[in-house]
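The structure under discussion appears below in the form of structure tokens.
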Amino acid sequence: MSDAPVTAVKKTLQHLGERIRSRRTVNLFLQQPVSRQLILDAIEVARWAPNHHLTEPWHFYLLGDEAIQQSIELTRIVVTERKGEKFGDFKAKEAAARPGWLVVTCKSSSDARLEREDYASVCCAIQNLNLYISEAGLASKWATGPITRDSRFYDLLKIDSDKEFIVALIWYGYPKITPTQQRKAVSEIVTETD
Ligand SMILES: Cc1cc2nc3c(=O)[nH]c(=O)nc-3n(C[C@H](O)[C@H](O)[C@H](O)COP(=O)(O)O)c2cc1C
């Protein structure tokens, strides 16, 4: 019997493992436009994340040029308020160099356990999305900086903070510089029991 199918599965697994390993958080992006359809395709895939009770707790806000400009200015304001004008200008300049902006929210719930499980699902969805765009040659940065907790950002995107909360601001684009990363040895993080 041919072992071709086994070899094909091994290759697929190697490819998948390498994709997961090589996805990196990127700070610097090329000024190269990204197809909106590609991000919509990534969102379509993202929502297949595991999700207890199938609550589908996620919502994706894909920002257009006007909302991006407003978000850059809000970054300047929020950071200036906290750390002064010089740092505010620096952060606004940094933000202006990020080509794509996507905000992911999770449904709020008065049931703490449900909200925790929903949050976990949204995080899985974000990882799905990040892996998908990584496979397409893009990179991203998951940010949870002060702007993501500011009511003015919610207002700008018309997000009802009584109903949902921001889990991630995802900047995406084609990477200019891809950093390296490390993880602990598997033996340090695994306990095998009898
Ligand atoms: C919930 C969450 C929040 C994060 N928030 C930030 C952030 O605010 N700023 C930032 O620089 N990176 C943020 N990151 C990215 C991490 O810093 C990054 O994943 C980590 O450095 C490991 O790098 P890697 O993603 O390339 O493996 C966040 C990641 C997660 C999962």
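None of the figures in this text is laboratory data; all of them are computed from the coordinates on show. For clarity, every value in this text was computed on a predicted model and none was experimentally measured. Note that we place each Cβ from the backbone using ideal geometry, even for glycine, and neighbour counts take in every protein chain shown.
Key figures for this structure:
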| item | result |
| --- | --- |
| Where only alpha carbons of the range 110-162 are counted, the Rg and the Dmax (Å) | 14.0, 39 |
| Zone of Q37's modelled label, taken as backbone nitrogen in the range 110-135 under 17 Å from a point 7 Å along Cα→Cβ | 133 |
| The chain - share of DSSP beta bridges that are antiparallel (%, nearest 5) | 95 percent |
| Net lengthening on full extension, T178/C124 (0.36 nm per residue, minus Cα-Cα) | 17.2 nm |
| Table column - 3J(HN,Hα) (Hz), the range 72-79, Karplus curve with 6.51, -1.76, 1.60, x for Gly and Pro | 5, 5, 5, 4, 4, 5, 5, 6 |
| Nearby lysines by direct alpha-carbon distance to K86 (threshold 24 angstrom, same-chain neighbours under 8 apart not counted) | K141 |
| 17 Å cut-off, amide nitrogen to a point 7 angstrom out along S108 Cα→Cβ, residues in the range 163-186 | 163-168 |
| Point-charge dipole on Cβ atoms (K/R +1, D/E -1) for the chain, about Cα centre, debye to 20 | 720 debye |
| Ordering of 40-51, 109-120, 183-194 by burial proxy (mean other Cβ atoms within 10 Å per residue, highest first) | 40-51, 109-120, 183-194 |
| Anchor K163: aspartates and glutamates whose Cα lies under 20 Å away (excluding residues fewer than 8 positions away in-chain) | E56, D111, E115, E117, D118, D150, D155 |
| Whether the range 49-194 is rounded, prolate or oblate, judged on the alpha carbon gyration tensor where a/c under 1.5 counts as rounded | oblate |
| Whole-Å distance, taken between Cα centres, linking the range 46-65 and the range 159-194 | 17 Å |
| Helix-derived mean residue ellipticity, 222 nm - over the chain, DSSP H n ≥ 4, -39500 (n - 2.57), to 500 | -16000 deg cm²/dmol |
| Cα shape, the range 1-64, gyration tensor, a/c 1.5 rule | oblate |
